Amino acid sequence: MKICVQAMVIVLFFTAVFLIGCATPAGSVKFPKASDGFQPKRTYNISYDKIWDITNRVLEENRIISISADKSSGRITTDYIQGVSTVYGAYLGGVGNSRYKYNLRISREKRSKVKLTIIAKLESSLTGTTGTTPFRDVSQQNMETVKKLENWLYEKIETAL
């Protein structure tokens, strides 16, 4: 009996290692990232109206849909954008799906300067044989990816300035 339990534990352990260790990207979607070495300025010496217009144009050019934009408060919230999908254990462990969105804020600073704040929110969900889990915020566990998403958008906007 004791040998049987030990064998089951070993089989379960290796099954878990297989399912977790065999994660491979699925599909061709990749997270965007800024150029190597890019560091955002975040504060710009241009008019509020100009950065508002450029920011909205950059979102449109990159097919990022704004679901809410209020110029008087300087806030823009985008719709979700499909992220990377990952297959676990040759589909036996399911498929992890991700999505992200941006919250942007433009604020007036002193001496004709404006500040742009971009915050990305990354979410994930798992689809398996028993169904799909709800999307949950995984930004804190993936700060490097979140920072890359934010810097990419900063770079796009700064290039358009």
- Task: Return only the number of the condition from (1) under 14 Å from the mean Cα position of the chain (by Cα); (2) farther than 20 Å from Gly74 by Cβ; (3) not in a strand (DSSP E or B) that Tyr100 does not satisfy.
- Result: (3)
- Note on the structure: Scanning the range 100-115 residue by residue, the ones that are surrounded by 17 or more Cβ atoms within 10 Å (Cβ to Cβ) and under 16 Å from Ser66 (Cα atoms) total 5
- Could you say whether any residue in the range 49-63 is exposed (fewer than 15 other Cβ atoms within 10 Å of the Cβ) and either under 14 Å from the mean Cα position of the chain (by Cα) or of a type in the set (Gly, Ala, Ser) (or both)? no
- Just to be sure, is Ser73 part of a loop (DSSP other than H, G, I, E, B), over 18 Å from the mean Cα position of the chain (by Cα), of a type in the set (S, T, N, Q) and exposed (fewer than 13 other Cβ atoms within 10 Å of the Cβ)? yes
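Restricting to the range 71-109, and then to whatever is of a type in the set (S, T, N, Q) and over 18 Å from Asp53 (Cβ atoms), can you tell me which residue is modelled with the highest pLDDT? Don't jump to the end; show me each part of the working.
Within the range 71-109, the subset of a type in the set (S, T, N, Q) is 72-73, 77-78, 82, 85-86, 97-98, 103, 107.
The next check asks that each one be over 18 Å from Asp53 (Cβ atoms); those that pass are 82, 85-86, 97-98, 103.
On the way: Gln82: 91, Ser85: 80, Thr86: 76, Asn97: 87, Ser98: 90, Asn103: 98.
It comes out as Asn103.
Using the structure shown, decide if Thr77 is under 21 Å from Glu155 (Cα atoms) and hydroxyl-bearing (Ser, Thr, Tyr).
Details: under 21 Å from Glu155 (Cα atoms): yes; hydroxyl-bearing (Ser, Thr, Tyr): yes.
Yes; evaluated as a whole, the condition is true for this residue.
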- Restricted to the range 148-161 and to residues being touching a strand residue (DSSP E or B) at 6+ places or on another chain (Cβ under 8 Å) and of a type outside the set (Asp, Glu), the residue farthest from Lys41 (Cα to Cα) is Leu149
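Specify the residue that is modelled with the highest pLDDT; the eligible residues are those in the range 30-64 that are of a type in the set (Phe, Trp, Tyr) and assigned to a loop (DSSP other than H, G, I, E, B). Quick ask: steps written out before the conclusion?
Of the residues in the range 30-64, the ones of a type in the set (Phe, Trp, Tyr) are 31, 38, 44, 48, 52.
Remaining after also requiring assigned to a loop (DSSP other than H, G, I, E, B): 31, 38.
On the way: Phe31: 81, Phe38: 93.
Top of the filtered list is Phe38.
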- Message: Cβ-Cβ under 8 Å, sequence separation 6+ or interchain: first residue in the range 136-159 and more than 21 Å from Lys50 (Cβ to Cβ) and modelled with pLDDT of 95 or more, partner of a type outside the set (Phe, Trp, Tyr) and loosely packed, with under 11 Cβ neighbours inside 10 Å. Which pairs?
- Response: Asn151/Gln39
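The values are calculated or read from the model by the stated rules, or taken from the named source; none is laboratory data. Quick caveat: nothing in here was measured; it's all calculated off a predicted structure. Don't worry about glycine lacking a Cβ; one is built from the backbone with ideal geometry, like all the others, and counts go over all protein chains shown.
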